[in-house]
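Trainee: Handing you this structure, nothing more for now.
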Amino acid sequence: MKLKITLFVSIFGFFSSIVNSQTIWDGDPITVTKANNADWTLEENQDRITPTIWLTRKNAQGQFNIAQETGYSFGSPVDTEWGWGTTADIGSITFYNWEEATNDFNPYGDHLNISDGPMVLHLITDNIYIDLQYNSWTSGGGGGGFTYTRSTDP
């Protein structure tokens, strides 16, 4: 009986660690750019992070996950959450949807304040944390351009 209990506890612990494990991507940084008025449906204007997370932006409004949604809405990008800081501070970061994290509550969803500093992007389903820093953001319906630098899978 003791062997059965020990085996059960070991198997449960193993699967719990898989389900609850988080991954921090700390590989070499890459810079992602979508130029103003570029076609967001083309792969070169999307950041295809994983098979289910492809970040892009139409020519106005906020970012969205084109792998799972057709455009930006409150809660976009689907399957992500965002917090201010770096992965070095992961335990003290509060995560929100993109709109709440960027305080972007205007009706067009395109007035990101990139001067607030680095962010951590959490890919919810994959439980991956990525350091991300916006370098530029075109506001006011000016074409939807953006540039950011983010960490990669090591």
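The values are calculated or read from the model by the stated rules, or taken from the named source; none is laboratory data. Because the structure is predicted, anything quoted here is derived from the model rather than measured. Positions of Cβ are generated from backbone atoms using ideal geometry, with glycine treated the same way; all protein chains shown enter the neighbour counts. Accessible surface is based on the protein model in full, side chains and every heavy atom, while ligands, DNA and RNA are left aside. Shrake-Rupley method; radii C 1.70, N 1.55, O 1.52, S 1.80 Å.
Trainee: Just give me the residues in region 84-130 being at pLDDT 95 or above and among the hydroxyl-bearing types (Ser, Thr, Tyr), in sequence order.
Mentor: 86, 87, 92, 94, 125, 129
Trainee: Continuing with the same structure: Please determine, by comparing only the residues of region 112-138 that are open to solvent by 50 Å² or more (accessible area, probe 1.4 Å) and assigned to a loop (DSSP other than H, G, I, E, B), which one is nearest to residue 60 (Cα to Cα).
Mentor: By that ranking, first place goes to 113.
Trainee: Another question, if that's okay. Please pick out the residue among 89, 153, 131 that is acidic (Asp, Glu) and touching a helix residue (DSSP H, G or I) at 6+ places or on another chain (Cβ under 6 Å).
Mentor: Working: 89 fails: touching a helix residue (DSSP H, G or I) at 6+ places or on another chain (Cβ under 6 Å); 153 fails: touching a helix residue (DSSP H, G or I) at 6+ places or on another chain (Cβ under 6 Å).
From the options 89, 153, 131, the qualifying one is 131.
Trainee: State the number of residues belonging to region 22-43 that are in a strand (DSSP E or B) and not aromatic (Phe, Trp, Tyr). Give the steps one after another, and end with the answer.
Mentor: To start, the set of residues in region 22-43 that are in a strand (DSSP E or B) comprises 23-25, 30-34.
Cutting the leftovers down to not aromatic (Phe, Trp, Tyr) gives us 23-24, 30-34.
Of the residues in that region, 7 qualify.
Trainee: Now a separate question. What is the residue count in region 40-63 for residues that are small (Gly, Ala, Ser) and either in contact (Cβ under 8 Å) with a residue 60 or more places away in the chain or on the phi > 0 side of the Ramachandran plot (or both)?
Mentor: The initial filter retains those residues of region 40-63 that are small (Gly, Ala, Ser), namely 60, 62.
Those left that are additionally either in contact (Cβ under 8 Å) with a residue 60 or more places away in the chain or on the phi > 0 side of the Ramachandran plot (or both): 60.
The qualifying residues number 1.
Trainee: Another question, then. Those residues that are outside any strand (DSSP E or B) and surrounded by fewer than 24 Cβ atoms within 10 Å (Cβ to Cβ), I need them from region 44-65; list them, please.
Mentor: First, pick out the residues of region 44-65 that are outside any strand (DSSP E or B): 44-46, 51-52, 58-62.
44, 45, 46, 51, 52, 58, 59, 60, 61 - these are the residues of region 44-65 that are outside any strand (DSSP E or B) and surrounded by fewer than 24 Cβ atoms within 10 Å (Cβ to Cβ).
Trainee: Quick one: count up the residues across region 139-150 that are open to solvent by 10 Å² or more (accessible area, probe 1.4 Å) and closer than 25 Å to residue 23 by Cα. Before you say what the answer is, go through the steps one by one.
Mentor: Narrowing region 139-150 to residues open to solvent by 10 Å² or more (accessible area, probe 1.4 Å): 139-142, 147, 149-150.
Applying the additional criterion that residues be closer than 25 Å to residue 23 by Cα yields 147, 149-150.
Final tally of qualifying residues: 3.
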